[in-house]
1. Check 147, 165 and return the single one that is surrounded by fewer than 19 Cβ atoms within 10 Å (Cβ to Cβ) and more than 16 Å from residue 53 (Cα to Cα).
2. Quick test for you: out of 34, 58, pick the one residue that is out of contact with any helix residue (DSSP H, G or I) (no Cβ under 6 Å at 6 or more places or on another chain) and closer than 30 Å to residue 171 by Cα.
3. Pull up segment 4-23, narrow it to residues that are in contact with a helix residue (DSSP H, G or I) (Cβ under 9 Å, 6 or more places away or on another chain) and in contact (Cβ under 8 Å) with a residue 24 or more places away in the chain, then point me to the one that is farthest from residue 43 (Cα to Cα).
4. Might you let me know whether segment 125-137 holds any residue that is under 14 Å from the mean Cα position of the chain (by Cα), part of a strand (DSSP E or B), in contact (Cβ under 8 Å) with a residue 24 or more places away in the chain and over 21 Å from residue 54 (Cβ atoms)?
5. Could you run through segment 1-27 and say how many residues are loosely packed, with under 12 Cβ neighbours inside 10 Å and assigned to a loop (DSSP other than H, G, I, E, B)?
6. Between a residue in segment 167-182 that is modelled with pLDDT of 95 or more and any residue that is surrounded by 14 or more Cβ atoms within 10 Å (Cβ to Cβ) and part of a loop (DSSP other than H, G, I, E, B), which pairs come within a Cβ distance under 6 Å, given they are 6 or more apart or on different chains?
7. Does residue 65 satisfy being surrounded by fewer than 19 Cβ atoms within 10 Å (Cβ to Cβ), out of contact with any helix residue (DSSP H, G or I) (no Cβ under 7 Å at 6 or more places or on another chain) and either at pLDDT below 95 or under 24 Å from residue 36 (Cα atoms) (or both)?
C-alpha cells in the first residue's frame with residue numbers, strides 16, 4: 001500500500017497494491033499493522049458502515065462531538081463518489097479548510113479522516129456502495145454537522161443544488177460560522 005498525507009495534517013490517502021490477472025483482481029483493503037505503521041498511530045476500528053446511493057445523493061457534512069468524535073477510513077466498493085472532509089480542529093493550521101478526492105471502484109483508494117473532521121460525500125454513479133470504518137461507536141446525542149452549501153467553506157460538489165438529493169435532516173444543518181469562529 002502507498003500512503004500519502006494530504007495538506008490536512010493527519011488525513012491520508014491510501015492506495016492499495018492491486019494484483020490483476022485473467023481471473024480478476026485481488027488487493028488487501030486493510031492491514032492493521034501496515035496501516036498503523038504508515039500513519040504513525042494506533043487506531044482501533046470498532047464499527048463498519050455501508051450505504052448504497054444513486055447519482056446526486058449528498059450525505060453530510062457530518063461529525064460527532066466530544067468523546068464520541070470518530071476517525072474514519074472510507075472507501076467505495078462499487079461506483080464513484082466525491083469525498084470531502086473539513087478540518088474542525090480549532091488549533092490546526094488548516095482549521096476550516098477542506099480536502100476532496102474522487103473515490104471509486106477502479107483505483108480502490110481510501111481516505112483516512114482523523115478525529116476532529118466533518119465528512120460528507122456526493123455520489124457520482126447510480127448504485128454506488130460506500131463503506132467506512134469508525135474508531136468510535138455512533139452516538140445520536142453527539143451527532144452534528146455543517147450545511148453542505150456553507151458559504152465560508154465554499155465546497156464545489158460538482159452539481160447544481162437543484163440536482164442534489166439531500167435528506168431533510170441534512171438540509172437543516174447549521175453553518176460553519178454558527179458553530180466555529182474563523
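The values are calculated or read from the model by the stated rules, or taken from the named source; none is laboratory data. Just so you know, these numbers come straight off a predicted model, no measurement behind them. Here the Cβ is made from the backbone with ideal geometry for all residues, glycine too, and neighbour counts use every protein chain on show.
1. 147
2. The unique qualifying residue is 58.
3. Out of the qualifying residues, it is 14.
4. Within segment 125-137, one or more residues are under 14 Å from the mean Cα position of the chain (by Cα), part of a strand (DSSP E or B), in contact (Cβ under 8 Å) with a residue 24 or more places away in the chain and over 21 Å from residue 54 (Cβ atoms).
5. 4
6. Once the first residue is modelled with pLDDT of 95 or more and sits in segment 167-182, its partners that are surrounded by 14 or more Cβ atoms within 10 Å (Cβ to Cβ) and part of a loop (DSSP other than H, G, I, E, B) give 173/146; 173/147; 175/147; 175/150; 176/146; 176/150; 176/153.
7. no
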